[in-house]
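The block underneath contains the structure these notes are about, expressed in structure tokens.
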Amino acid sequence: MKKFNIRKVLDGLTAASSSSSAAAQPGTPRENDAVQETLQSEHFQLCKTVRHGFPNLPSSMAFDPVQKILAVGTQSGALRLFGRAGVECYCQHESDAAVIQLQFLINEGALVSALADDSIHLWNLRQKIPAILHSLKFNRERITYCHLPFQSKWLYIGTERGNIHIVNVESFTLSGYVIMWNKAIELSTKTHPGPVVHISDNPMDEGKLLIGFECGVVVLWDLKSKKADYRYNYDEAIHSVAWHHEGKQFVCSHSDGTLTTWNVRAPAKPAQIITPHGKQPKDGKKPEPCKPILKVEYKTTRAGDPFMVLSGGLSYDTVGRRACLTVMHGKSTAVLEMDFPIVDFLTLCETPYPNDFQEPYAVVVLLEKDLVVIDLGQIGYPIFENPYPLTIHESPVTCCEYFADCPAELIPALYSVGSRQKRQGYSKKEWPISGGNWGQGTQSYPEIIITGHADGSIKFWDASALMLQVLYKLKTAKVFERARGKEEKPSTDIVDEDPFAIQTLSWCPESRMLCVAGVSAHVIVYRFSKQEITTEEVQLLEVRMQCEFSDVDSPDPGGDQTPTLPTSGASSSPQETEPPTQPSTSSNTSDGPRDNIPCLQVRSSPLKQSPGYQVELVIQLVWVSGEPPQQITSLAINSSYGLVVFGNSNGLAVVDYLQKTVLLNMGTSELYSPSDPYQRQPRSPRKARQPSGALCDSNDGSNTSEDRCKSPTSARMSRKISSSSEQKPDQDAKDNSFTRSRSSSVTSIERESREAISSFHFCESFPRKTDSLVSPCLLVGTTQGSVMMVALSLPPGGDQRLQQPVGISSCGTLVRLKGGILTMALLDSTGTLLPPSYEPWYDPNASDEEKEKSRRRRPASPPSSQEGQDSQFAVLCSEKQAKVVAMPSQTRIYKHNITETSFVLRADVVQMAGANCITIFCANGHIMTLSLPSLRPLLDVNYLPLTDMRIARTFCFSNLGQALYLTSPTEIQRITYSQETCDNLQEMLSELFTPVETPEAPNRGFFKGLFGGGAQSLDREDLFGETAAGKASRSLAQHIPGPGSMEGMKGAASGVVGDLARARIALDERGQKLGELEERTAAMMASAESFSKHAHDMMLKYKDKKWYQL
């Protein structure tokens, strides 16, 4: 009997539904039936892999001095853990509440986090993806401060009410031992002392707990006698407290910028009061008050003066001064300016023991947008070179592209030119945060991420093996003059700020050609060279692209014009091109409209170009009759043809960057052929369309509705494609703007009335139905869903290529789809992807002999089509649909409706598991993949709803199951849609915890041991355990078991103390069980003995009596 396979039935149904209306035309052979599709749904699974970049909105920090791991908490409940370069980990609390404090269980592979929602959590770091073991949610009191002594299992928690509760971190249960605020202060103050702002135990006596209250009262609490030994009063609020390691002195930092030093046994007044940044009056009065000192740390050294490190405390007259960290060492005071406000800092010391000389060697400073580590061991306190990729947000990211499986030589080439850009003056020591181990990944292919930024810079990143490292930085703004004269000011109408911001880019990894488009309607073509050159004059082309609607009542062309390069003198042509040699002398008088002037001025002085990317050509769109140029919405470059093409809402332009000439400059409507059924008449206004979805309304909806009501004549005034809200001084507005050129910003969100160019694809195909030989072509996609074919006629190579013109002719519409076109690709008859042809890289500044070695070659052209037989498939994807068209017959073979209610933001044709598929990211959050060529749905996961425009602008797919997007202004989130990568993820991820011996405790010395002067230990179990302290109130906090398993904690070996602690706990548990068993046995024996005694007494009582005497 034949087995019934439900999966095959479902696959058949989905294939049938996706191609329900896609039957081939009669008489056309269905050669696609022969294409063997190897990709199945089992090849796909979606999961997050790693997160790179600086933690967005950091709020707290902790360091494990033995494991050498740094933890950073954020305001959104995220945790980022850092070890050596390449060891990073991201995890998230469920509640999304801010992380207010972090405490490592030092060398135990665990971390305690306290959140703003009054919950504490225990994280297991012994597994590659950390998990929460326990949580405790406080119901009646708000958590303000936590303290976990080294090698202790009892966590002190201070609250807003001024009370201190104690939690067992092994079982995450509350002890019945509570320090109430009124007991702690008694009659020392008449009012409530405020929240607990500090808790620490005396380094030399674990039985003494120092409690700091916000009002300025500090209490030394004796845990055994449950009373206060000393109370220290100061009339300024306390922000932090730090001990001297001998336990005889401590320092408090106050809200008036003072530091008070107290001797433990002299509570009457401070031993010393200093104001580090206060001006000392000559008459002996108090110094002027300063800003609060938010934190102070007091660290001792064996061979010299102690270090005092503090943040804040500057004088109030230093208005506008940046945040500073002050390092006081002996008589010297160093004030270190930071680029951003300080969130927290930690002093890294050689020992984890608080009762030994601390020997500080570095200070980790967590800033709002950076992480800085200062070397305390070198003169001048230099900073360490940061090995983490924390500079993604150095300037806000405006576009992003991802290239997996690049040519192997690219990363070394970019690294070699990028290594020369590194700053000097760093500390010569190794980076001190050096814990963890790299993952044992099997993926070895090169991956490159390119980010474009608001300041015009472009960064190339090595993203191989789940790591991220900056390779090379290119500053495109160097090409332009920085200072603009008064007459240039009106050009800022196109963008309010950041005129050099990168809008989109096109990169050919094989030839290393790079083309970028900026928001000021400029395009720059770059070549890669390993040699430094000085360019005497930057090559410039100015292009005049006019609106397709004409003011003058000229006869309607009706499509009769031949789509060739118009002459600049033809008044009836809607487009004009300025010859490159003609200077831009224009009617830019104060009373006349601006005309023929670009938005930016190209540098006129010689330009020194370092090894790396060097300017080949600058193309600028110019103002037309008082109207600024439209921003560029699509861009493509082809190194084999020597062409760059760009488009906007006015039309498209093709530029020959070898001959430095404009080949074509025409309106979108002119691309349609005279007999084209989709042709749009230039003079007819579009019907008004109501926006669909809230996104349309939120994005400058008032402007678009106003534009819809205008006549065709005034419609040319609606110039801003996506600049209405994209460039604001506020960074969040900038990040939330939606300026991705390849995306649907023009159609689905802002609904501009004009048909803009949305995508390009260079290929070798059949321009016309009648063609039997392939030739160079350009596919053009528009925001109204039209795909048009443009034929390119290239002269032979060599000198002729530089002398003879390139011929271009429009071949009309190939196919029409719903929604704007997002991506286009070409497959051969076997379903293999046909990439655009390219020229192998050669150094443009090398000798002629070296250039000859790498002569231009193109990939072998696909076989020519036999009569009546199709040999190619054109794959086309829009915001709503995907279609596959057979070439050259131009017959639609397959169609798939992707979405009815939403729209596609990003689509790419990618290689995966030796085959090809379309990957799609939809605005409703769905990530989908479709097989090729049959467009069968293989994956559909509701992953990420479109919460802000940053995700839409930066989301991109790459080959081999990789994708990424900017999840915050500072962080890149990488994901995979490959089942194989998901299966191997555990191996690829880095390990945070490594078995390390805990350093030996400091030697007490003979005399200290003899006279009891050393550190006093305390059996906290006797004080805080249930037998001594009783049970805590059940309503105070709720215990929530975590998803993490205890196996991780009991797994790999740790330091000696961890093992001993676990052994002791195990012995305690065993002893307790044995004790209970012994008690039960004893009770049974007593019961048996009692029964035996009673039985014997009964026997004696009735021994000699007769039955009738009973």
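The values are calculated or read from the model by the stated rules, or taken from the named source; none is laboratory data. Nothing here was measured: the structure is a model prediction, and the numbers come from that model. Neighbour counts are summed over all protein chains in view; Cβ atoms, including those assigned to glycine, are modelled from backbone coordinates with ideal geometry. Accessible surface areas use protein heavy atoms only, side chains included; no ligands, DNA or RNA. Shrake-Rupley method; radii C 1.70, N 1.55, O 1.52, S 1.80 Å.
The modelled label-to-label distance for the pair LYS818/SER76, using points 7 Å beyond Cα in the direction of Cβ, is 3.3 nm. Measuring from centroid to centroid over Cα atoms, what is the spacing of the range 887-954 and the range 777-825 in Å? Distance between centres, Cα-based: 23 Å. Among the listed pairs LYS226/LYS291; LYS291/LYS369; LYS475/LYS883; LYS369/LYS475, a Cα-Cα separation exceeding 28 Å is found for LYS226/LYS291; LYS475/LYS883.
Between GLU160 and LYS137, the simple spin-label model (points 7 angstrom out along Cα→Cβ) gives 1.7 nm.
Note on ASP222 and LYS285: with the Förster distance fixed at 51 Å, the Cβ-Cβ geometry gives a FRET efficiency of about 0.85. Applying 0.36 nm per residue to the separation of ARG482 and ASP96 and subtracting their alpha-carbon distance, the gain on full extension is 134.7 nm. Could you let me know the centre-to-centre spacing of the range 75-94 and the range 140-164, using Cα atoms, in angstrom? Taking the Cα centre of the range 140-164 as reference, the centre of the range 75-94 is 24 Å away. Per-residue extension of 0.36 nm, minus the Cα-Cα distance of ILE274 and TYR426, leaves a gain of 51.5 nm for this segment. Count the net charge of all other residues whose Cβ sits under 14 Å from the Cβ of LEU348, scoring Lys and Arg as +1 and Asp and Glu as -1. The answer is -4. So if the hydrodynamic radius of the range 330-405 is defined as the Kirkwood radius over C-alpha pairs, what does Stokes-Einstein give as its diffusion coefficient at 10 °C and 1.306 mPa s, in µm² per second? My calculation gives 105 µm²/s for D.
Model label points for SER444 and ASP405, set 7 angstrom from Cα along the Cα-to-Cβ axis, are 1.6 nm apart.
Summing +1 for each Lys or Arg and -1 for each Asp or Glu among the other residues whose beta-carbon sits under 15 angstrom from that of SER464 gives -4. Determine the distance separating the Cα centre of the range 961-989 from the Cα centre of the range 165-217; give it in Å without decimals. Measuring centre to centre over Cα atoms gives 44 Å. Set the Förster distance to 41 Å, then compute FRET efficiency between SER1092 and LYS1031 from the Cβ-Cβ distance, nearest 0.05. E(calc), rounded to 0.05, equals 0.55. On a per residue basis, the range 594-660 carries 18 Å² of accessible surface, using protein heavy atoms and a 1.4 Å probe.
Net charge in the neighbourhood of GLY418 (other residues with Cβ under 15 Å of its Cβ; Lys, Arg +1, Asp, Glu -1) is +3. With R₀ fixed at 41 Å, the C-beta to C-beta distance from HIS192 to SER171 puts the FRET efficiency at about 0.80.
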